[in-house]
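Undergrad: Structure in C-alpha cells, see below.
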Amino acid sequence: MRKLSLDNLNKFFAAVAESKTIYLPVDQKDGSAKYAKWAEGTEWSNALNTVRSPKDLFFPQTEDLMEFKTEGKNIEIIDIRKESEDFVIFGVRACDVKSFEVLDRVFLSEPVDSFYASRREHAIIVALACTRPSETCFCTTFGIDATEPAGDVSAWKTDSALYLKANTEKGEAFLKSIEALTEDADTAEVDAQKTKTAEIMKKLPLADLTTDAFGGGKTEELWNNPVWDEMSQTCLGCGTCTFVCPTCQCYDIKDFNTGNGVIRYRCWDSCMYSEFTRMAHGNNRLSQKERFRQRFMHKLVYYPENNEGLFSCVGCGRCLAKCPISMNIVKVMKKIGGDK
C-alpha cells in the first residue's frame, strides 16, 4: 500500500494529467457534484457521490456512431470513432465500480460494443472507499463492501493522506507512475477507518433490506403480483430513475440528415417511456403498469436469471434521492418482500 500526503494532492493530479486525462467529482453551483475533467485549480468534491454516475464516461448519453455520404447510388460509410484516449476516473465509489460489472456483461458480450470496449480498455478506475454513507445507501443488500472498493486501484482518504492499493496490472502501472509522490505505508489507519465505516453501515435505515423475494426463477411467481397495479399508479413515467441509474443501458439509434450526409447516433432511452421499443405494429407495453413492472423485474429477476445471480442494481440510492414522487426500487422490494 502507498501513501500520498493530501498536501501533494494537486501535484498528484498534475502528474497524472501529464500523460492521461483525469476525471474526478467536482462541485456544481447547485451543491451537487458531477465528474469533470481536471485542470489546474479544479477542486475535488467532498460529496458522497455524483448525481450522474461514471457510466457517462463509457456509455455517453448521446454519441455519434458513424457518418454516411451519398453520391447517386453510392454510399460511403465513414468511421468517426475516437475512443482511444487513455484516461483515469478518480474517486469512483464501490457501488459504481460494481455497476461496471453489470454493464460489461451487456456491452462486452457478443456482439461486442466496440465503443464501450475501447473506453474500458483505455480507462483506469481509481475507486474510493466511503466514510460517510447516506441514509439512501443500500449497497450491502447486493453484497458490496463500501469500505473495500474494487477497481484498478482502491483508495482510502483520511484527514491527512490518501492511501492507495493496486488491484490489477493497470493499477500497478498507475501507482508506479506516481511513485515519487508516495511512500510505503502500513494499513493500520485504513483498517481503523474500515471498522468505523462498517459500523455506520449497519445502522443505516436500509441495512436490513434483502433480495430474498427476488432472483432468477421468480418470473411466474411475481408477474401477477397486485403490487404492480398499486404502485405503478403514482409513477409519472418521467425516466429520471433510469437516467441517474449507473446500470441502465437502454438506448435508441437514430439517423440525422445534415444536408451533406447522414449522421447515425445513439442516445439513452428508458423502459419507462410510452414509445420505448415501439415498432410498426405498436408498443409491446401499452400501460404504465407494464412499463413499471418491466423496470423492476429486469433488475431483480430477469438480469440475475441470465447472469449467475448478479442483480442489476448496486444500491447507490440515486433513484431514491431523485424520483420526484419518491417511488423507487426500495419501496418495490419492501412491498413484495412483505415489509409494510
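Every number in this text was worked out from the coordinates using simple rules, so none of it is lab data. Predicted model only: the values in this text are computed from it and were never measured. Here Cβ is always computed from backbone atoms with ideal geometry, including for glycine, and neighbour counts include all displayed protein chains.
Undergrad: Could you give each residue of segment 140-153 its phi-based ³J(HN,Hα) in whole Hz, using Karplus coefficients 6.51, -1.76, 1.60 with θ = phi - 60°, and x for Gly or Pro?
TA: Using θ = phi - 60°, the values come out as 5, 4, 9, x, 9, 9, 5, 8, 9, x, 7, x, 6, 9 Hz.
Undergrad: Rank-order 48-56, 288-296 by packing density, defined as the average count of other C-beta atoms within 10 Å over each peptide's residues, highest first.
TA: On the way: 48-56: 21.9, 288-296: 20.2.
Highest mean packing first, the order is 48-56, 288-296.
Undergrad: Mind listing the phi-derived Karplus ³J(HN,Hα) values for segment 294-302, rounded to whole Hz, using 6.51, -1.76 and 1.60 with θ = phi - 60°, and x for any glycine or proline?
TA: After applying 6.51 cos²θ - 1.76 cosθ + 1.60, I find 4, 4, 7, 5, 5, 6, 10, 10, 5 Hz.
Undergrad: Any idea how far the Cα center of segment 27-91 sits from the one of segment 303-337, in Å?
TA: The distance from the Cα centre of segment 27-91 to that of segment 303-337 comes to 26 Å.
Undergrad: Non-local amide H neighbours of Thr158 (under 5 Å, H modeled in plane, Pro and chain starts lacking H): which ones?
TA: Tyr163
Undergrad: How big is segment 219-336 on each of its three principal axes, counting only the C-alpha atoms and giving the largest first in Å?
TA: So the three principal-axis extents are 54, 33, 32 Å.
Undergrad: Answer rounded, prolate or oblate for segment 59-214, using the Cα gyration tensor with square roots of eigenvalues a ≥ b ≥ c: rounded when a/c is under 1.5, else prolate when a/b is larger than b/c, else oblate. Numbers along the way, then the final one.
TA: Working: a/c = 3.34, a/b = 1.65, b/c = 2.02.
Oblate, because a/c is 1.5 or more while a/b does not exceed b/c.
Undergrad: A follow-up question, please. Distance from the Cα centre of segment 184-242 to that of segment 102-126, in angstrom?
TA: For segment 184-242 versus segment 102-126, the Cα centre distance is 25 Å.
Undergrad: Shifting gears a bit: Only bridges whose two residues both fall in the chain count here: according to DSSP, what percent of them are antiparallel, nearest 5? Display every interim value, and only then the final one.
TA: Numbers: 36 of 47 bridges.
Looking only at bridges with both residues in the chain, the antiparallel portion is about 75 percent.
Undergrad: Right, next: Whose amide H sits under 5 Å from the amide H of Leu65, counting only residues 5 or more places off or on another chain, with H placed in the peptide plane?
TA: Arg264, Tyr265, Arg266
Undergrad: Hey, what do the phi angles of segment 32-40 turn into as Karplus ³J(HN,Hα) couplings, whole Hz, using 6.51/-1.76/1.60 and θ = phi - 60°, x for Gly and Pro?
TA: Per residue, the Karplus-derived 3J(HN,Hα) values read 8, 10, 9, 6, 9, 6, 6, 9, 3 Hz.
Undergrad: How about segment 76-146: which GluC sites (Glu not before Pro) there are in a DSSP loop, with at most 13 other Cβ atoms within 10 Å of their Cβ?
TA: In loop regions of segment 76-146 (DSSP not H, G, I, E or B), the sparsely surrounded GluC sites (Glu not before Pro) are Glu85, Glu135.
Undergrad: List residues of segment 177-218, by number, whose backbone nitrogen lies under 14 Å from a label position 7 Å along Cα→C-beta of Ser5.
TA: Those under the cut-off are 180-184.
Undergrad: Using a 10 angstrom cutoff on alpha carbons, build the Gaussian network for the chain and name the most mobile of Gly91, Gly239, Gly31.
TA: Looking only at Gly91, Gly239, Gly31, the biggest GNM fluctuation is shown by Gly31.
Undergrad: Using a/c under 1.5 as the rounded threshold, could you call segment 1-84 rounded, prolate or oblate? The axes a ≥ b ≥ c are square roots of the C-alpha gyration tensor eigenvalues, and prolate needs a/b larger than b/c, oblate otherwise. Walk me through the intermediate numbers first.
TA: Values: a/c = 3.64, a/b = 2.18, b/c = 1.67.
The shape class here is prolate.
Undergrad: Relative to the present Cα-Cα distance, how much length would full extension add between Lys254 and Ala321 at 0.36 nm per residue of separation?
TA: Values: separation 67, 0.36 × 67 = 24.12 nm, distance 3.12 nm.
My answer for the length gained is 21.0 nm.
Undergrad: Would you pull out the residues with amide H under 5 Å of Leu128's amide H, same chain only if 5 or more places away, H placed 1.01 Å from N?
TA: Here the answer is Gly91, Val92, Arg93, Ala94, Ala155, since their amide H atoms fall under 5 Å of that of Leu128.
Undergrad: Okay, next question. Which residues in segment 73-106 have a backbone N closer than 17 Å to a point placed 7 Å from the Cα of Arg132 along the Cα-to-Cβ line?
TA: Of the residues in segment 73-106, 91-94 have backbone N under 17 Å from the label point off Arg132.
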